[in-house]
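Student: Before we start, here is the structure in question, set down as structure tokens.
The values are calculated or read from the model by the stated rules, or taken from the named source; none is laboratory data. What you see is a predicted model; the values in this text were computed from it and never measured. Note that we place each Cβ from the backbone using ideal geometry, even for glycine, and neighbour counts take in every protein chain shown.
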Amino acid sequence: MSIVVTAATGHLGRLALEALLAKGVTPSDIVAGGRNLEKLQDFADQGVRVQVIDYDRPETLAAAFQDADRVLFISASEAGRRIAQHQNVIDAAKAADVGLIAYTSIPKVETTTMKLAADHIATEAALKASGLPVVLLRHGWYVENYTAQIPTYLEFGAVNGAAGGGLISAASRADYAAADVAALLEAKGGEVYELGGDQAFTLAELAAEVSRQSGKEVVYNDLPTDAFAELLASVGVPVPFNEILADVDRAIRDGELHIATGSLSELTGRPTTSLADAVRAAL
């Protein structure tokens, strides 16, 4: 079996490669693709085939997908550019007649109102139209989106947001990568997985956990969505990405990132990373 992992130089892609190897997949059966192959040298040293994959260069996709049985299609990172980039991936996969393509999407595509979801909605529609066997891996929020900000929380004594008491079913990137690989290896096409952490939490609970473990008081400041967008812009988040992030909090408030399916831990066969463990590791 030939398995291609796109965007393999990113955090999720590298974890997916590690998960494939941990599953016992023969390294030479894996193609790891990215724009900077130096970042994949450690996997090349283990026998993984590394190849340039650039979503803006269709010829690299055609070369990487040749003879591919399965493709883990990790979404691009630049909102607003992704639809064209993703169409290049889908066109190349169709031309190569890949056996199955698994795409990392966003939760609740049929009902979500998040601005961040627009590119994923369009990509899922394009995948459906392609006629390829498709698996949809709808990722919830990454807990690292919060734990990476712990130094800022501690500096200012606050978690700022606009999520109210909305629940967030976050899990670690490693959790998602393990689930992605399990689905990639087992799926036959047509599966849709809504993926999220086993134990949802609010931003107030996040602040309380950081306080408990750090010994420094951290509170949650709940702001109106517009005010939070302005705060993000004031600390350097570029427009319109500040509005997209603030809208994610609005969606959390409305319940759009609360995922109670249990599909993630079912795929991995283990509980997802808890908030307490994630905060402990980050500290």
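Student: Just to check your reading of the model, which residue among 233, 246, 251 is part of a helix (DSSP H, G or I), farther than 25 Å from residue 272 by Cβ, assigned by TED's automatic domain parsing to the domain that holds residue 277 and touching a residue at least 60 places away in the same chain (Cβ under 8 Å)?
Tutor: 246
Student: Further question on the same structure: Let me spell it out: the conditions are (1) in a helix (DSSP H, G or I); (2) touching a residue at least 24 places away in the same chain (Cβ under 8 Å); (3) out of contact with any Phe, Trp or Tyr (no Cβ under 7 Å at 6 or more places or on another chain), and residue 77 meets all of them except one. Which number is the exception?
Tutor: (1)
Student: Next question, about the same structure. When segment 124-141 is examined, which residues are found to be charged (D, E, K, R) and touching a residue at least 12 places away in the same chain (Cβ under 8 Å)?
Tutor: Within segment 124-141, 124, 138 meet the criteria.
Residue by residue, here is whether (1) under 24 Å from residue 65 (Cβ atoms); (2) buried (at least 20 other Cβ atoms within 10 Å of the Cβ); (3) not small (Gly, Ala, Ser) holds:
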| site | (1), (2), (3) |
| --- | --- |
| 113 | no, no, yes |
| 139 | yes, yes, yes |
| 154 | no, no, yes |
| 158 | no, no, no |
| 195 | no, yes, yes |
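Student: OK, next. Which residues, counting only those in segment 51-66, are free of Cβ contacts under 8 Å to residues at least 24 places away in the same chain and either of a type in the set (Ser, Thr, Tyr) or outside any loop (DSSP other than H, G, I, E, B) (or both)?
Tutor: Selection gives 51, 52, 59, 63.
Student: Say whether the condition of being of a type in the set (S, T, N, Q), assigned to a loop (DSSP other than H, G, I, E, B), under 20 Å from residue 81 (Cα atoms) and outside the structural domain of residue 251 (by TED's automatic domain parsing) is met by at least one residue in segment 113-124.
Tutor: Yes, there is a match, as at least one residue in segment 113-124 is of a type in the set (S, T, N, Q), assigned to a loop (DSSP other than H, G, I, E, B), under 20 Å from residue 81 (Cα atoms) and outside the structural domain of residue 251 (by TED's automatic domain parsing).
Student: So, one more: Find the residue count for segment 80-108, including only residues that are without any contact (Cβ under 8 Å) to a residue 24 or more places away in the chain and crowded, with 18+ Cβ neighbours inside 10 Å.
Tutor: Within segment 80-108, residues that are without any contact (Cβ under 8 Å) to a residue 24 or more places away in the chain and crowded, with 18+ Cβ neighbours inside 10 Å number 0.
Student: Also: Check every one of the helices (runs of 4 or more DSSP H) wholly within segment 142-191 and list those with 1 or more residues that are in contact with a helix residue (DSSP H, G or I) (Cβ under 7 Å, 6 or more places away or on another chain), touching a residue at least 60 places away in the same chain (Cβ under 8 Å) and farther than 22 Å from residue 248 by Cα.
Tutor: Filter on segment 142-191 gives 150-156, 173-186.
Student: Is it fair to say residue 121 is under 16 Å from the mean Cα position of the chain (by Cα), surrounded by fewer than 20 Cβ atoms within 10 Å (Cβ to Cβ) and touching a residue at least 12 places away in the same chain (Cβ under 8 Å)?
Tutor: Taking the combined requirement at face value, the residue satisfies it.
Student: Consider residue 95 against the criteria (1) closer than 27 Å to residue 52 by Cβ; (2) part of a loop (DSSP other than H, G, I, E, B); (3) not hydroxyl-bearing (Ser, Thr, Tyr): it satisfies all of them except one. Which criterion is unmet?
Tutor: So the condition that residue 95 fails would be (2).
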